[in-house]
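The block underneath contains the structure these notes are about, expressed in C-alpha cells.
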Amino acid sequence: MSDAPGTTHAAAASLYGLAAEYEHADQVVDASRAAREAGYTKMDAYTPHPIDGLDEALGVPPSRMGWVVLAAGLFGAMAGYGLQYFGMVIFYPLNIGGRPLNDWPAYIVITFEVTVLMSAFTAGLFMLARNGLPRPYNSIFNAPGFERASRDRYFLCIEAVDARFDPSGTRTFLEGTPAVRVTEVER
C-alpha cells in the first residue's frame, strides 16, 4: 500500500523532532527522566549551564575522556623522558662535572611539561571530536525561542529518528510535563 504524496510520512521526513521548553532546571531533569522511563532514547537537552543529574536522566554513558587524556599524558611523559635520555645518554653523551649520564632529576621539568602539553592538546581535540564540533548548523536552531537556551530557558528535544517517536503521542507525552510550550522542529 503506497501513500499519496504529502501525507504524514512526507511530513514526518522533514520533522527533526519535538522540542519542549521549560522555565526551571529541575523541570527539564524530571522530564528527561520521565522520557527515558517512557522508552525514548534519541533525545537531547539544551541548557544555559551544566545541570547535575541531567546526563544520568538522559541516559548518556560516562565519558572515556579521562582515560584518553591519561594515556596521552603517559605517552607524553615517556616521549619527553625518552627524548632527553636518547640525547644525553645514547646520541651525544657528555660527562659534565662527573655526574652520571642518566641524571633523571634533571629530566623532571621537561618530562612534566611534555606530559601537560600532550594531555591538554588531547583533551581539547577529543572534546571537539566527541561533541561533533565545529557544527555551524543544527536543526534544533529552528525551534521557536531556542535563542533563550543560552540565557534562561531549558529545552528537551525528542528526535524523530527515535523508534518510539510518534508525532501525536510524543506531543501528548511532552505536554504532560510542565513544559511552557511544545513545538515541532523542522529539518
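The values are calculated or read from the model by the stated rules, or taken from the named source; none is laboratory data. Just so it is clear, the structure is predicted and the values come from calculations on it, not from any experiment. Methodologically, a virtual Cβ is constructed for each residue, glycine included, from the backbone with ideal geometry; neighbour enumeration extends over all protein chains shown.
Observations, loosely collected:
- Tally of residues being under 24 Å from V161 (Cβ atoms), hydrophobic (A, V, I, L, M, F, W, C) and in contact with a Phe, Trp or Tyr (Cβ under 7 Å, 6 or more places away or on another chain) across region 36-65: 2
- Residue list for region 56-83, filter: part of a loop (DSSP other than H, G, I, E, B) and of a type in the set (S, T, Y): S63
- Residues in region 43-61 that are surrounded by 13 or more Cβ atoms within 10 Å (Cβ to Cβ) and under 14 Å from the mean Cα position of the chain (by Cα): M43, D44, A45, Y46, T47, I51, L54, D55, E56, L58, G59.
Residues checked against (1) without any contact (Cβ under 8 Å) to a residue 60 or more places away in the chain; (2) surrounded by fewer than 17 Cβ atoms within 10 Å (Cβ to Cβ); (3) assigned by TED's automatic domain parsing to the domain that holds Q27; (4) under 18 Å from R33 (Cβ atoms):
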{"position": "T122", "(1), (2), (3), (4)": "yes, no, no, no"}
{"position": "L125", "(1), (2), (3), (4)": "yes, yes, no, no"}
{"position": "F146", "(1), (2), (3), (4)": "no, no, yes, no"}
{"position": "P178", "(1), (2), (3), (4)": "no, yes, yes, yes"}
{"position": "V182", "(1), (2), (3), (4)": "no, no, yes, yes"}
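- Filter result (in a loop (DSSP other than H, G, I, E, B) and touching a Lys or Arg at 6+ places or on another chain (Cβ under 7 Å)) within region 146-187: V161, D162
- Taking (1) part of a helix (DSSP H, G or I); (2) modelled with pLDDT of 95 or more; (3) over 22 Å from R171 (Cβ atoms) in turn, P105 satisfies each apart from (2).
- Scope region 34-50; condition charged (D, E, K, R), in contact (Cβ under 8 Å) with a residue 60 or more places away in the chain and in contact with a helix residue (DSSP H, G or I) (Cβ under 8 Å, 6 or more places away or on another chain); matching residues: D44
- Restricting attention to region 130-155, the residues that are in contact with a helix residue (DSSP H, G or I) (Cβ under 9 Å, 6 or more places away or on another chain), among the basic types (K, R) and more than 28 Å from W67 (Cβ to Cβ) total 1.
- Residues of region 21-55 that are over 19 Å from E147 (Cβ atoms), among the aliphatic types (A, V, I, L, M) and either part of a helix (DSSP H, G or I) or not assigned by TED's automatic domain parsing to the domain that holds V180 (or both): V29, A31, A34, A35, L54.
- A single entry from G132, G124, G98 fulfils the requirement of being under 23 Å from the mean Cα position of the chain (by Cα) and in a loop (DSSP other than H, G, I, E, B): G132.
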